[in-house]
Every structure is written in C-alpha cells, then in structure tokens.
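Following: one structure in structure tokens, then a few remarks.
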2 protein chains.
Amino acid sequence: MIRDWVELNMTPGVGPRAAAKLLERFGSAEAVYSATRSELEQLRLLPETVDTIIARALQLRAEIEIANARKLNADVLILDDGVYPALLQEIYDPPIVLYVMGAWAECLDQPCIAIVGSRKSSTYGQNAALMLARDLAQRGVTIISGFARGIDAAAHRGALEAGGRTIAVLGTGVDRIYPRDHKKLVDDILKNRGAIVTQFPLGTPPVSENFPYRNRIISGLSLGTVVVEAAENSGSLITARLAMEQNREVFAVPGNITSRNSFGTNYLIKGAGAKLVQQWQDVASELPPQIAASLLPPPFGDHKRAKSLPEKLAFMPEGLPGCETAVLRLLSPDNPAHIDALVEKSRLSISDVTAALLALEMRELIRALPGKCFVRKM
Amino acid sequence: MIRDWVELNMTPGVGPRAAAKLLERFGSAEAVYSATRSELEQLRLLPETVDTIIARALQLRAEIEIANARKLNADVLILDDGVYPALLQEIYDPPIVLYVMGAWAECLDQPCIAIVGSRKSSTYGQNAALMLARDLAQRGVTIISGFARGIDAAAHRGALEAGGRTIAVLGTGVDRIYPRDHKKLVDDILKNRGAIVTQFPLGTPPVSENFPYRNRIISGLSLGTVVVEAAENSGSLITARLAMEQNREVFAVPGNITSRNSFGTNYLIKGAGAKLVQQWQDVASELPPQIAASLLPPPFGDHKRAKSLPEKLAFMPEGLPGCETAVLRLLSPDNPAHIDALVEKSRLSISDVTAALLALEMRELIRALPGKCFVRKM
C-alpha cells in the first residue's frame, strides 16, 4: 500500500526520527494505521501527529498526491518495495518515501559518488568540483549532489559536460525547483539520462530546516562523499559527518589555508579522517576493490592488450628522467631492494637515488617499504 | 683532537656515507688516521680518498682552517665533543664536523622546528611560511630553514618579525653566503640571537650536489619539519622524506590542487602521512607532550590562574552562538551523551544539534566518540 506510506510521509511531525521510531515499533505504514491511540502516544510523538494518524486525515490527500506525481512523470518509491535504493536503505533513518524522476534506476546501477560544497564558493572550488565530476562521470560514475548554487551546481555540470549521469537531490518537492534559475539545469540533467530525487511531498517549498534531511540522502545514496569547499560552519561539513556516521567514505579537496572556503575541507582532512583528493583517482582508489578496478586504468601506459609480466618488467614509461629510469630498472616487484644497494648498483649519488625514488613513488611506479627498501609496483 | 675531524671532513670523497662507514669501522677520526692502507681499502672508498688519508695530505690545511674559522667567530663542533647538537647526533649519518656561528647553543636549547619549501614559491606560500614561523617563534620555538630564496627566506623572516630565534643551515662555507643578496638576512639573523650552521669547510661554493646533505641537517636538528610549498620533484620533498627516515614529525601546508606549488605538499598529506597544518597549533600539538604543553595555551579563554574543575565546567567561552552554548551546557567531560539525548534535552531540532556539535568539535571544545556520543574536553 504505497498510499499508506505516502500518507505517513505527509503527516506533520513525521520526520526521519519519528518515522524511524514508528517503523521500529510497528514494522510498516499499514501497521501504524492499525495502531491504537495509546500505542502511538507511547512513542512520544507530537499530539497533532497522533491526531492526524488516528483520524486518517490525510488519506485522500495521499491518493491525490500519488496521482499528481504520476502526472509529473515522477515515480514514488517506498522503503520496502524492492526497488528502493539499496545503499540508502542501509542508513539509520532512511526516508520512508522517495519521489524520483528520470533514469533513476540506471543512475543507481552505476557506482555513485556525491560531490558537495559551499553555495558561496570560489572560482577555484567550482573548477575543482567541475573537474572531479567530469573525470569521474566520464568513467561511469554517477555524480550525486544537492542542486544548490556554487559547488553543487558545478558538480552536476561537470557530469553533464562529460556526457555522464548525475542525480540532483532536492530539499523541495519535485515540482518546486529551487533555486528557480536552475530550471534549465534540471532539464539538462533529465535530458542526459540523469535523475531527481527528493523525500519531500509535492509543493514543499525551500525551507532551511529541510536541507539537512536532504544532506543525509545525498550521502546515503553514495559510496562516498567528496567535499570540495566548506567554510567553518557549513552544511557540507554536516553532510560529511552524516557520511561518516553512515560508514561511507569521506573525501575532501584541500585548499589554501588562507581561504575561508577551504577551512572546513582542510579541517576534515586534518581532524576528521577525510581522504585528501588531488584528482579523480584518489576517489576511485578508495572504493570497494571491484569498483575501483573497473574505474582505474591498469598501472602502466598503453594497455590496449594485457601485458605479460616479463613485458611489464621490460616496460619503461616514456619520458622518465635518466636517474629514475636507472633506479626503476634495478627494482623488481618481488624482492625489496635496499637504498644502499641501489646506490651501489646504479653508481649514482645517494641524493640522486633518493630523489629518483621519491619521484618514482609519486608516479606510483614503486612502493616504499619499511627500512629504506623499495619494490616495483605491478 | 678537533684537527683530525676537520681534516677528515675536508678529505675529498668523505661524504656522509663514507664518514659513517669510517666511524662505524674505526670509532673516531684519530683511529681512522691510525688505520693501515689495507684496512681503509676494505671499506671501498675512492682510491684518492685512501691516498689522502694515508698521506695526511690535509693536516696542515686543517690547522689553518680551524684558525680561519676562529677569526670569523665561527665555532667548530665535532661529533663527540659533548656540545654537538643532540638531535642531529641521533641521525643515521650525522655530519662529523659542524661550523656554527651566532647563538647556536641558545637556539638549540629551545624546541626547534624546520620550515622549508620551494625556491620558486607563490605569494600564498611565502605568506603561509612567514605566518607559521612568526607564530611559532613568538612562543619560543627556534625556526630552522635552508636559507634559500622563497619559502626558506620567508620562514627566517617570519621568525625575525616575531623577535624570535632562527637558524640558517647553509649548503656552503660560512664565509660564502649564498644567495649573495641574502647578506643582510644573515646579519639580521645573527643580530637577533640566531645562528648559522653548515657542515661544509670554509670557501665551499654553492654546488647543487651539496644541498641534499644540507637538507638532512635541517631535518636532523629539528623535532619536526613543515613543508610549505613543494612542486612534484622538489628538494623539500627530499627533506620531508629524510625527516621521516630520521623518525621526526613531518607536516605539510595544503594548497589548491590546481597549484603546481602545492602538488608536493598535498601529496605528502595524502600519501606519505604528513600532518596537515592550518595554523601553528597543529604543529605544537604533535610535539612531545611537555613541549606541546609549554607552547599551547590552556584550552579555555582567560587563564591567569588555574581553574578548578567545577569552574571550568561552569565556564562558557564568550561569543558562542545560542545553539552551541545550549548543547555545550549539556555535555560533561565524564559521561558521554548520545545525540538523541541532546536533541531531547536541548529541545532543538536534530539538524541544529548536529550543526552545533560539529561547530563545538571544530572549536576543540568537545570530542566525538563512536556511536554518536559526545564529551566535553577539559
């Protein structure tokens, strides 16, 4: 009975916490509507919430709501319908109803990454968001964001630039696009096989207390959340915190310590365990191994066909400086070589070898082991 | 016998590695000069190095060197003279001789932090170096750097601005100041009770292969090294690597991912375990507890006198927004409070409580525990 869920979701006072309490106690929307007043009162809901449920005051409005959603080509998903987004269902307080438009099922079939940040963002932040979204979307990642001005919009646009998929999670009803000048952005998202998702009934206007609820959907739909710019007290930091509580990866793009916009992202890296992102690979490499492998290119240059191990070992990336080539030739993937041995065999100075090793490590061609030993990566 | 050490240090082919080998085998400079040719040859030194040692070809030059150093008001320290810098002595390949000028002993009595970075630095990097050096020097930290243009010079200048101490570690002889237009900077450093340190004999010109040796002295004299800006293959990254090998703290200042100058520092944070630095406290808090305690102010506002625990608990920092004050009042340092309890007791919305908790955590007033619980920091 979709209608019961929609009715419950429209009931004043039934936010994520109350909904979670009701479901924990009764198991389904149908069961909530079979409950007695005293059973409901035990849950410490607002009195008007109990009244509304007992009176079934919104039953008719829920039916009209479903019909109106269909007219707008929106689907209505409910928590246990079998198509509800699996990652979102795992969180502590999933929305009991989702209004979705566009190619939402195909978007959610791809790995999903959220890219969020300040509304008041710098050119740097917008460029970084655009670049990361574009590079990830190009490789088949769905970019999820909150449709706000600034970083969110740049993330959606980056995905569109790459011809990729993107999901806009709204803090309003699907019929109340906000900000209004983003109307064209919605059209572009839907035209490009993207989607729109919200938990809020039709006609819900933009009110600030709804946006944190939207944030938990953004992180909840995603394997990980990348925060691009965030000032000290921004909503993006709350999204990052929610992602952590949902056991999802949290990433942050660093920025100049003199920029207010980067204070929050630098803090997330310094104090909250967020992974620093310099480029899209830094996101991909932290995802579950199978997904990471599908996104990341094989470690060496041209890979039209798989190389055998001896071929790989003979392979030298083009354009390496002489010292680096000399040191790389001395390294194998199996036997760690000590730096002193490398100095001796290469006949280079210790400083040249140290510099070459560092450069090779940064190119991700070798790995440093404890005790000044090194191996080649395969 | 200082002379023997100075003589050995002046011998061609006796770099840090050869010196370490000689001392491991013979124990002192005197013993090296008592060794037989075949004993020396077993160490695989260069033939001319063995010839020079056996012939004692530099004995007279070493005597003149010591006299000339005295004329310049430079002290000559040797590895086991009892005043040689203790932290530097701990490293794998300490210089066997140090030429020092100025108030080196007082400088080394304070906690020492290295601040280094690119010669080709941005205005952002120079400002960040200046600010960190100033803030640390003001609190009694000696700032060590490599006297190069760019970040190094900004670090020295920041310490001077604060009226603090700074040590310039040279890659040349003390009589061959380089770059030449830094002559005034040397004068200012010495005038401000700072010091100059080098392992290179008088007259040693600036040659690029000497600079990595200087880098290990910079990190070796310091409790930790802060890298402010570094491009992909810069010497500052080598200094950071050396500091790690010396088991010293490594810090890096993040920057925009679109800036070449910050590529290396962001990489150090992302891939090499460097601690992210937003402000001087981030450096201080990672130092040994006694030193950290001497630098860091007590955690709450005005501390002319120590507060009792009840006073501390009643104390509310000024200027906190209402929600944060309300939430902070509900937290104790002993009993973790769950976020749901805070929502209930504060009568604030969950989103306001979440935002307040995050803000309080960033102000370092509270600590988040697993399972959405929080305690107040004391």
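Inspect the range A:33-45 for any residue being open to solvent by 10 Å² or more (accessible area, probe 1.4 Å), within 30 Å of A:GLU106 (Cα to Cα) and among the β-branched types (Val, Ile, Thr) and give the result as yes or no.
Scanning the range A:33-45 turns up no residue that is open to solvent by 10 Å² or more (accessible area, probe 1.4 Å), within 30 Å of A:GLU106 (Cα to Cα) and among the β-branched types (Val, Ile, Thr).
Give the residue, chosen from B:ALA137, B:ALA230, B:ALA240, B:ALA162, that is surrounded by 24 or more Cβ atoms within 10 Å (Cβ to Cβ) and modelled with pLDDT of 95 or more.
B:ALA137
Step by step: first the residues of the range B:199-227, then only those that are more than 14 Å from chain A (Cβ to nearest Cβ) and either acidic (Asp, Glu) or open to solvent by 40 Å² or more (accessible area, probe 1.4 Å) (or both), then the one that is nearest to B:VAL169 (Cα to Cα). Which residue is that?
If we take residues in the range B:199-227 being more than 14 Å from chain A (Cβ to nearest Cβ) and either acidic (Asp, Glu) or open to solvent by 40 Å² or more (accessible area, probe 1.4 Å) (or both), then B:PRO206 is nearest to B:VAL169 (Cα to Cα).
Say we look at the range A:7-21 and pick out the residues that are in a helix (DSSP H, G or I) and within 18 Å of A:LEU88 (Cα to Cα); which of these is nearest to the chain's Cα centre (by Cα)?
Result: A:PRO16.
What residue, among those in the range B:282-295 that are away from chain A (no Cβ under 11 Å) and of a type in the set (S, T, N, Q), is surrounded by the fewest Cβ atoms within 10 Å (Cβ to Cβ)?
B:GLN290
What is the one condition in (1) open to solvent by 30 Å² or more (accessible area, probe 1.4 Å); (2) away from chain A (no Cβ under 14 Å) that B:ILE196 does not satisfy?
Just one mismatch for B:ILE196, condition (1).
Given (1) within 14 Å of another protein chain (Cβ to nearest Cβ); (2) over 18 Å from B:LEU98 (Cβ atoms), identify the lone condition not met by B:LYS191.
The failed condition is (1).
Given (1) in a loop (DSSP other than H, G, I, E, B); (2) small (Gly, Ala, Ser); (3) modelled with pLDDT under 95, identify the lone condition not met by A:ALA35.
(3)
Yes or no: A:SER285 more than 30 Å from B:ARG363 (Cβ to Cβ), modelled with pLDDT of 90 or more and not charged (D, E, K, R)?
yes
I'd like the full set of residues that are assigned to a helix (DSSP H, G or I) and out of contact with any helix residue (DSSP H, G or I) (no Cβ under 6 Å at 6 or more places or on another chain), limited to the range A:42-52.
A:PRO47, A:GLU48, A:THR49, A:ASP51, A:THR52
Take the conditions charged (D, E, K, R), open to solvent by 10 Å² or more (accessible area, probe 1.4 Å) and either touching an Asp or Glu at 6+ places or on another chain (Cβ under 7 Å) or closer than 16 Å to B:THR198 by Cβ (or both) and apply them to B:ARG61. Does it pass?
No, not satisfied.
One residue is enough: does the range A:141-154 have a residue meeting the conditions surrounded by fewer than 24 Cβ atoms within 10 Å (Cβ to Cβ), under 19 Å from A:ASP282 (Cα atoms) and not hydroxyl-bearing (Ser, Thr, Tyr)?
No, because not a single residue in the range A:141-154 is surrounded by fewer than 24 Cβ atoms within 10 Å (Cβ to Cβ), under 19 Å from A:ASP282 (Cα atoms) and not hydroxyl-bearing (Ser, Thr, Tyr).
Would you mention how many residues in the range B:258-269 are open to solvent by less than 20 Å² (accessible area, probe 1.4 Å) and not aliphatic (A, V, I, L, M)?
4
Within the range A:64-109, how many residues turn out to be within 21 Å of A:ALA35 (Cβ to Cβ), charged (D, E, K, R) and at pLDDT 95 or above?
0
Can you pull out the residues in the range B:243-261 that are at the interface with chain A (Cβ under 9 Å from one of its Cβ atoms), within 16 Å of the chain's Cα centre (by Cα) and modelled with pLDDT under 95?
Result: B:GLU245, single match.
Pick from the range A:270-281 the residues that are within 8 Å of chain B (Cβ to nearest Cβ) and touching a Phe, Trp or Tyr at 6+ places or on another chain (Cβ under 9 Å): which of them is surrounded by the most Cβ atoms within 10 Å (Cβ to Cβ)?
Filtering first and then ranking leaves A:VAL277.
Quick one: which of B:ARG37, B:ARG61, B:ARG25 is under 20 Å from B:LEU77 (Cβ atoms) and among the basic types (Lys, Arg)?
Every option except B:ARG61 fails the conditions.
Determine, yes or no, whether B:GLY173 is within 14 Å of another protein chain (Cβ to nearest Cβ), open to solvent by less than 30 Å² (accessible area, probe 1.4 Å), part of a loop (DSSP other than H, G, I, E, B) and in contact (Cβ under 8 Å) with a residue 40 or more places away in the chain.
Here the answer is no, as B:GLY173 does not meet what is asked.
Considering the range B:243-257 alone, what residues qualify as being open to solvent by 10 Å² or more (accessible area, probe 1.4 Å) and in contact with an Asp or Glu (Cβ under 9 Å, 6 or more places away or on another chain)?
B:GLN246, B:ASN247, B:GLU249
Scan the range B:355-378 residue by residue and report those that are open to solvent by 20 Å² or more (accessible area, probe 1.4 Å) and touching a strand residue (DSSP E or B) at 6+ places or on another chain (Cβ under 7 Å).
Of everything in the range B:355-378, those that are open to solvent by 20 Å² or more (accessible area, probe 1.4 Å) and touching a strand residue (DSSP E or B) at 6+ places or on another chain (Cβ under 7 Å) turn out to be B:GLU361, B:ARG367, B:ALA368, B:LEU369, B:LYS372, B:CYS373, B:LYS377.
Quick one: in the range B:341-354, of everything that is in contact with a helix residue (DSSP H, G or I) (Cβ under 8 Å, 6 or more places away or on another chain), open to solvent by 40 Å² or more (accessible area, probe 1.4 Å) and assigned to a helix (DSSP H, G or I), which residue is nearest to the other protein chains (Cβ to nearest Cβ)?
Ranking the candidates gives B:ILE350 first.
Of the conditions (1) modelled with pLDDT of 95 or more; (2) surrounded by fewer than 24 Cβ atoms within 10 Å (Cβ to Cβ), B:ARG180 fails just one. Which one is it?
For B:ARG180, the exception is condition (1).
Of the numbered conditions (1) open to solvent by 20 Å² or more (accessible area, probe 1.4 Å); (2) touching a residue at least 24 places away in the same chain (Cβ under 8 Å), B:PRO16 fails exactly one; give the number of that condition.
Among (1) open to solvent by 20 Å² or more (accessible area, probe 1.4 Å); (2) touching a residue at least 24 places away in the same chain (Cβ under 8 Å), B:PRO16 violates only (1).
Those residues that are out of contact with any Asp or Glu (no Cβ under 8 Å at 6 or more places or on another chain) and of a type outside the set (D, E, K, R), I need them from the range B:138-149; list them, please.
Within the range B:138-149, B:GLN138, B:GLY140, B:VAL141, B:THR142, B:ILE143, B:ILE144, B:PHE147, B:ALA148 qualify.
Which of (1) within 28 Å of A:GLU209 (Cα to Cα); (2) touching a strand residue (DSSP E or B) at 6+ places or on another chain (Cβ under 6 Å) does A:GLY125 not meet, given it meets every other one?
(2)
Can you name the condition, by its number, that B:ARG70 falls short on among (1) under 24 Å from A:VAL343 (Cα atoms); (2) more than 14 Å from every other protein chain (Cβ to nearest Cβ); (3) loosely packed, with under 13 Cβ neighbours inside 10 Å?
Exception for B:ARG70: condition (1).
The values are calculated or read from the model by the stated rules, or taken from the named source; none is laboratory data. Treat the numbers as computed from the prediction; the structure is a model and nothing was measured. As a convention, Cβ positions derive from the backbone with ideal geometry for all residues, glycine included, and neighbour counts pool all protein chains shown. With ligands, DNA and RNA removed, areas are computed over all heavy atoms of the protein, side chains included. Shrake-Rupley method; radii C 1.70, N 1.55, O 1.52, S 1.80 Å.
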